[in-house]
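In what follows, a single structure is set out as structure tokens and then discussed.
All of the numbers you see were taken from the coordinates with simple rules; none came from a lab. These numbers were taken from a predicted model, which means no experiment stands behind them. Here the Cβ is made from the backbone with ideal geometry for all residues, glycine too, and neighbour counts use every protein chain on show.
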Amino acid sequence: MKTRDWGVALVVMAAVLCQGCAGVALTLLGVGAGVSAGTGTNYTLDGIAYRTFTEPAARVRAATLAALRSMDVVVSTDEAIDGGRRIVGQAGDRTIDIELDGLTTRTTRVRVTARHHWVLRDRSTAGEIITQTEHALDDLPAVAQRPVASQKVKETPRQ
């Protein structure tokens, strides 16, 4: 058998074995779509979206606020909390809760929850806020970063 024939046989066998099992097929499809799309946003089962950016917390905060402005989300709270910041906004009947955690001086984790009537969570809105934050980060002017002490290169004298 040729290699192509083996591939077709494998797909047919998988289709027969997974017949009626939409959960397996959808999981495999979702994993493939996430990898090919290059998404870096992770979700919990209850609809909280997470993303870690290799950017200082101040830049991620500025980008998050710019993203919320572009989405017409009204910011009601922007306060410092232990280890980062908390931003709360209102978009229609949804309450947007964003936490920015400075993991290092150059790494920030963003956690977004979009609540709908206290109980339900809106995963798509939370994910879109993170996507718009990423776009806003791309639009911010680049900031030159100093090398970390362990990364400083010693110059050798010229001859």
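Give me the Kirkwood hydrodynamic radius of region 40-139, using the inverse of the mean 1/r over all pairs of distinct Cα atoms, in Å to one decimal.
Hydrodynamic radius (Kirkwood, Cα only) of region 40-139 equals 13.2 Å.
Summarising the label geometry, the points placed 7 Å from Cα in the beta-carbon direction at Val75 and Tyr43 lie 2.6 nm from one another.
Potential lengthening of the chain between Asp82 and Val119 amounts to 10.7 nm, from the contour at 0.36 nm per residue minus the alpha-carbon distance. Phi angles across region 127-141 convert, under the Karplus curve 6.51 cos²θ - 1.76 cosθ + 1.60 with θ = phi - 60°, into 3J(HN,Hα) values of x, 5, 4, 5, 4, 5, 5, 4, 5, 5, 4, 5, 7, 5, x Hz, Gly and Pro given as x.
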